[in-house]
Structure formats: C-alpha cells, structure tokens
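All remarks here apply to the structure that follows.
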Amino acid sequence: MDIPVVLIDVGIGNIRSVHKALQSQGAQVTLTSDPQVVRSGKRIVLPGVGAFGDYMSGLRAAGLDLALLEVVGAGIPLLGICVGMQALFEYGEELGVHRGLGLIRGRVRRLPALPGAKIPHTGWNQIEIRRPGRQPAALLHGFSGREYAYFNHSYACQPELEQDILLATTFSASLVEGPAAQPGHLFASGVWHENLYGVQFHPEKSQEVGLALLRNFIKLPGARC
C-alpha cells in the first residue's frame with residue numbers, strides 16, 4: 001500500500017525528480033504549497049535549491065513556515081533536502097544573514113576557499129555516519145558508512161550540537177588518501193534531531209543510495225494515523 005508523503009513546493013526549482021523518486025519507493029505523493037495540506041501530512045519532505053534568503057521568503061509568504069513548525073511540534077517526521085535541510089537551522093549567511101526555521105541550533109555558512117577546491121561543491125562524495133555514543137537513525141538502515149552521494153552546494157550547515165550531526169563529508173580538492181591528500185573541510189552532510197532529518201546531498205540524484213534513504217524515510221514510525 002502506498003504511504004502518504006507531502007512534498008512541499010516553495011516555487012523555487014524543479015522538484016519533479018524528487019517527486020518521481022519518492023513514488024518509485026512506494027510513496028503516495030501530494031505536491032503542495034498549501035499550509036493546510038501540510039498540517040494534515042503524515043510525512044513531510046522539504047526540498048529546495050537556490051539562495052537561503054529567497055527560499056525562506058517563499059516559505060513565509062505562503063504561510064508554510066508556521067505549518068512546518070506545527071507539524072514538527074506534533075512529532076511528524078520531516079526530511080529536508082539541500083536548502084530544505086539548511087532551512088531547518090537558525091540562520092543562513094548567504095547574501096546577508098537570514099533567519100531560518102530555528103528547529104536545529106546552528107548556522108549555514110559558505111564553504112571555505114581551499115587550494116584547488118571548486119565552489120560550488122558539485123559531484124559525488126563520500127558520506128560518513130557520525131553518531132557519537134548513539135545508534136544511527138533508522139533513516140540509514142542498511143548503510144555501511146562508506147556510501148557516496150551527489151552534492152551541489154556552496155553553503156553548508158554548522159550544527160551547534162555535535163549530537164545533531166548524522167552524516168559528515170569532507171570538502172577538498174581531491175579524494176586521494178594518504179600523503180598526497182589535500183587538506184579538507186569536514187561539514188555536516190546529514191542531520192538528525194528527534195523527528196527532524198536533513199541531507200545536504202540530493203537523494204533523487206544519488207542512485208540506489210538516495211533511493212534507499214528515501215525508502216527508509218517513508219517507512220519511519222511516528223506518523224499520524
């Protein structure tokens with residue numbers, strides 16, 4: 001039986017590929033920008049591309065920010081993708097400082113300039129499971145911690161609390177290991193805080209790894225009956 005998922009349309013970017021990926025994993029997807037539909041959701045996916053400030057302006061103009069705060073407070077599982085993950089944080093520093101949803105403590109900052117490393121960080125990179133002293137989230141059921149996912153971003157989340165970091169990825173000029181390796185910057189590529197989940201990479205472009213993550217999300221417990 002299809003599992004209902006509300007996919008939020010902020011009006012920025014093409015989210016058709018996310019829609020299709022969710023459907024392929026057994027989701028009955030409702031694409032909406034209606035806050036009332038969001039409030040009735042059992043699982044919420046918040047995707048996004050573009051600038052942080054524009055994205056938050058779009059959420060607020062549609063009244064989606066308040067709806068999201070309500071469903072998260074009710075314990076509904078929510079998955080933020082790319083800028084959708086960044087929006088979960090308190091502030092974003094892209095083209096000025098902008099207030100986010102404030103659901104996770106921390107800020108969104110530009111990736112640092114590193115020798116030979118190109119911004120935006122685009123392409124495949126490894127995701128490493130980071131859960132100090134705690135079991136990995138059900139979102140990563142079946143993951144080994146050696147998977148690769150597809151990224152395309154210039155800004156990255158910096159959670160204030162280490163315990164909110166679910167996945168980490170190294171941004172650098174090279175993935176070469178050993179003495180020839182280039183210095184890198186470790187950033188949070190995935191977060192988990194209670195019923196909130198977020199990934200900086202694009203599951204819909206990450207082949208089986210991304211589909212497995214979406215499949216795990218739609219099967220999470222804790223939704224309204």
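The table below gives the values:
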item: In region 145-163, the residues that are outside any strand (DSSP E or B) and either under 17 Å from Ala51 (Cα atoms) or without any contact (Cβ under 8 Å) to a residue 40 or more places away in the chain (or both); result: Gly145, Arg146, Ser154, Glu162, Gln163
item: Qualifying residues in region 162-176 (those that are modelled with pLDDT under 95 and among the aliphatic types (A, V, I, L, M)) - the one farthest from the chain's Cα centre (by Cα); result: Val176
item: Selection count where residues are in contact with a Leu (Cβ under 7 Å, 6 or more places away or on another chain) and of a type in the set (Gly, Ala, Ser), scope region 194-210; result: 1
item: Residues of region 163-172 that turn out to be buried (at least 16 other Cβ atoms within 10 Å of the Cβ), in contact with a Pro (Cβ under 9 Å, 6 or more places away or on another chain) and more than 15 Å from Pro112 (Cβ to Cβ), as a count; result: 2
item: So Val18, is it assigned to a loop (DSSP other than H, G, I, E, B) and buried (at least 24 other Cβ atoms within 10 Å of the Cβ); result: no
item: Residues of region 109-127 satisfying the condition of being of a type in the set (Val, Ile, Thr) and either under 15 Å from Ala168 (Cα atoms) or not in a strand (DSSP E or B) (or both); result: Ile119, Ile127
item: Cβ-Cβ under 8 Å pairs, at least 6 apart or on other chains, region 52-77 side without any contact (Cβ under 8 Å) to a residue 60 or more places away in the chain, far side assigned to a helix (DSSP H, G or I) and of a type in the set (D, E, K, R); result: Met56/Asp65; Leu59/Asp65; Ala67/Arg39; Glu70/Arg39; Val71/Arg39
item: Sole residue being modelled with pLDDT of 95 or more, among the small types (Gly, Ala, Ser), in contact with a Gly (Cβ under 8 Å, 6 or more places away or on another chain) and part of a strand (DSSP E or B), chosen from Gly80, Gly106, Gly84; result: Gly80
item: Single condition Asn14 does not satisfy, out of (1) of a type in the set (S, T, N, Q); (2) under 19 Å from the mean Cα position of the chain (by Cα); (3) farther than 20 Å from Tyr155 by Cα; result: (3)
item: Matching residues in region 84-123 - criterion: being in contact (Cβ under 8 Å) with a residue 60 or more places away in the chain and hydrophobic (A, V, I, L, M, F, W, C); result: Met85, Leu88, Phe89, Leu103, Ile104, Leu111, Leu114, Ala117
item: Residue within region 88-103 that is outside any helix (DSSP H, G or I), in contact with a Ser or Thr (Cβ under 9 Å, 6 or more places away or on another chain) and surrounded by fewer than 17 Cβ atoms within 10 Å (Cβ to Cβ) present; result: no
item: Glu160 more than 18 Å from Val199 (Cβ to Cβ) and out of contact with any Pro (no Cβ under 7 Å at 6 or more places or on another chain); result: yes
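Conditions (1) aliphatic (A, V, I, L, M); (2) part of a helix (DSSP H, G or I), marked per residue:
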site: Pro4; (1), (2): no, no
site: Val10; (1), (2): yes, no
site: Leu22; (1), (2): yes, yes
site: Val45; (1), (2): yes, no
site: Val72; (1), (2): yes, yes
site: Gly75; (1), (2): no, no
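The values are calculated or read from the model by the stated rules, or taken from the named source; none is laboratory data. Bear in mind the structure is a predicted one, so any value in this text is a computation, not a measurement. Don't worry about glycine lacking a Cβ; one is built from the backbone with ideal geometry, like all the others, and counts go over all protein chains shown.
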